[in-house]
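Q: Dropping the structure in here first, questions after.
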2 protein chains.
Amino acid sequence: MVQYLHPRLDVSFAALSDPTRRGVLEQLGRADASITDLADRFHMTLTGMKKHVGVLEQAGFVITEKIGRVRTCKLGLRRLEEEAAWIERYRTVWEARFDALDEIVEELKSQEKIDG
Amino acid sequence: MVQYLHPRLDVSFAALSDPTRRGVLEQLGRADASITDLADRFHMTLTGMKKHVGVLEQAGFVITEKIGRVRTCKLGLRRLEEEAAWIERYRTVWEARFDALDEIVEELKSQEKIDG
């Protein structure tokens, strides 16, 4: 199975690659917020914050709802399951690879002792 | 503690946002490879692959070593610990938030039954 071809991961990792966007997600984890609140909190213009929220919305991390003149943001339904799974799989492969290297190093060391 | 301001996460999530770069990491998890091997495998030009490997190298995910005329790529020392931690923390917050919503919905439902 080709794991790396996963367009959703492209969008979500790109969304997570910005500190303000990660901050917005952490903030919305505490409480829903309007775009104006978020702009204030992160010292940004409304336009700048709207762009960030748009990226998070496209990735499915945030949903927004306009009531009257206020657009409220809340956490979306994506719980980063695929992202966590990809990273976990990578970590397993990584450990296996470095364990194998450790074994080779140990073998070389013990060989050296015998030779020396 | 401000978690989202973490420049390393910017670089690593951006590195992971591309399917070829994720594919290269999966491939290097199986075996070291030269840039030429990787370019062939992913049907890319050498220049294109060099760029991708450069991004992975900057993120600390890959190290390269030139022996003679061949540049060999292998997995770097970063095991995605911080990335996994960030995602795990987000998932915990997410679950808590949606559990709280569930409770509200349940409460409203039982209220409806009483009122009805």
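Q: Taking the highest mean first, how do the peptides B:12-18, B:53-59, B:70-76 order by number of other beta carbon atoms within 10 angstrom per residue?
A: Ranking, from highest mean packing down: B:12-18, B:53-59, B:70-76.
Q: Which one of A:Ala96, B:Ala85, B:Thr45 is farthest out on the positive end of the charge dipole of the protein assembly as shown, using unit charges on Cβ (Lys, Arg +1; Asp, Glu -1) and the Cα centre as origin?
A: Positive-end residue among those listed: B:Thr45.
Q: Whole number please: convex hull volume per residue, Cα atoms of region B:34-116, in Å³.
A: Details: hull volume 10.9 nm³, N = 83.
Spelled out: Cα convex hull of region B:34-116, divided by residues, is 131 Å³.
Q: Count the lysine pairs in region B:33-116 that are 8 or more places apart or on different chains: how many have C-alpha atoms under 28 angstrom apart?
A: 5
Q: Restricting to region A:1-109, what percent of DSSP beta bridges are antiparallel, rounded to 5?
A: Percent antiparallel among DSSP bridges in region A:1-109 is about 100.
Q: What is the extension gain from B:Lys74 to B:Thr47, computed as 0.36 nm multiplied by their sequence separation minus the C-alpha to C-alpha distance, in nm to one decimal?
A: Gain in length upon complete extension: 7.9 nm.
Q: Let me ask something additional. Under 5 Å between amide hydrogens, which residues at least 5 positions from A:Ala33 or on another chain qualify, with H placed 1.01 Å from N in the peptide plane?
A: A:Cys73
Q: What average count of beta carbons from other chains do you get within 10 Å of the Cβ of residues in B:10-23? Write down the numbers at each step before the final one.
A: Details: counts 6, 1, 4, 10, 5, 2, 12, 9, 5, 8, 2, 3, 9, 4.
Other-chain Cβ atoms within 10 Å of each residue's Cβ, averaged: 6.
Q: Show the residues, 5+ positions off or on another chain, whose built amide H is closer than 5 Å to the amide H of A:Gly76.
A: Residues meeting the amide H criterion: A:Val62, A:Ile63.
Q: Can you list the HN-Hα couplings for region A:98-106, worked out from phi with the Karplus curve (6.51, -1.76, 1.60; θ = phi - 60°), rounded to whole Hz and with x for Gly and Pro?
A: Ordered by residue, 3J(HN,Hα) equals 7, 4, 4, 5, 4, 4, 4, 4, 4 Hz.
Q: Follow-up question, since we're still on this one. Pick out which of B:Arg30, B:Arg79, B:Arg69 has the largest mean-square fluctuation in a Gaussian network model of chain B, springs linking Cα atoms closer than 10 Å.
A: Looking only at B:Arg30, B:Arg79, B:Arg69, the biggest GNM fluctuation is shown by B:Arg69.
Q: Moving to a separate point now. What list of ³J(HN,Hα) couplings, whole Hz, do you get for region A:55-63 from phi and the Karplus terms 6.51, -1.76, 1.60, once you set θ to phi - 60° and write x for glycine and proline?
A: Values per residue, Gly and Pro as x: 5, 5, 5, 4, 7, x, 7, 9, 10 Hz.
Q: Kindly provide the helix-only [θ] at 222 nm of chain A, computed as the sum of -39,500 (n - 2.57) over DSSP H runs of four or more divided by all residues, to the nearest 500 deg cm²/dmol?
A: Theoretical 222 nm ellipticity from helices: -22000 deg cm²/dmol.
Q: Let me ask you something else. Considering all alpha-carbon pairs of the protein assembly as shown, what whole percent are spaced by more than 21 angstrom?
A: Tail of P(r) above 21 Å: 64 percent of Cα pairs.
Q: Let me ask you something else. If you average the alpha carbon positions of region B:53-116 and of region A:48-73, how far apart do those two centres end up, in angstrom?
A: Between the Cα centres of region B:53-116 and region A:48-73 lies a distance of 21 Å.
Q: Moving on to the next point. Residue-wise, which Karplus ³J(HN,Hα) couplings in Hz belong to region A:32-42, taking 6.51 cos²θ - 1.76 cosθ + 1.60, θ = phi - 60°, and x for glycine or proline?
A: Coupling constants for region A:32-42: 4, 8, 7, 4, 4, 3, 5, 4, 4, 4, 9 Hz.
Q: Which value, in debye to the nearest 20, gives the size of the charge dipole of chain A about its Cα centre, when Lys and Arg are +1 and Asp and Glu are -1 at the Cβ?
A: Details: 18 positive and 20 negative charges, 231 e Å.
Roughly 1100 debye, rounded to the nearest 20.
Q: Further, regarding this structure: Using alpha carbon coordinates only, what is the Rg to Rh ratio of region A:1-68, with Rh defined as the Kirkwood radius?
A: 1.04
Q: Now for a separate question. With +1 on each Lys and Arg Cβ and -1 on each Asp and Glu Cβ, how big is the dipole of the protein assembly as shown about its Cα centre, in debye rounded to the nearest 20?
A: 1040 debye
Q: Still on this structure, I have one more. Compute the long axis of helix B:19-30 from its Cα atoms, compare it with the longest principal axis of the Cα atoms of chain B, and write down the angle in degrees, 0 to 90, nearest 10.
A: The angle comes out near 70 degrees.
Rule-based calculations on the coordinates, nothing more; no lab input. From a predicted model like this one, the values you see are computed outputs, not experimental measurements. With ideal geometry, Cβ positions are generated from the backbone for all residues, glycine too; neighbour counts draw on all protein chains shown.
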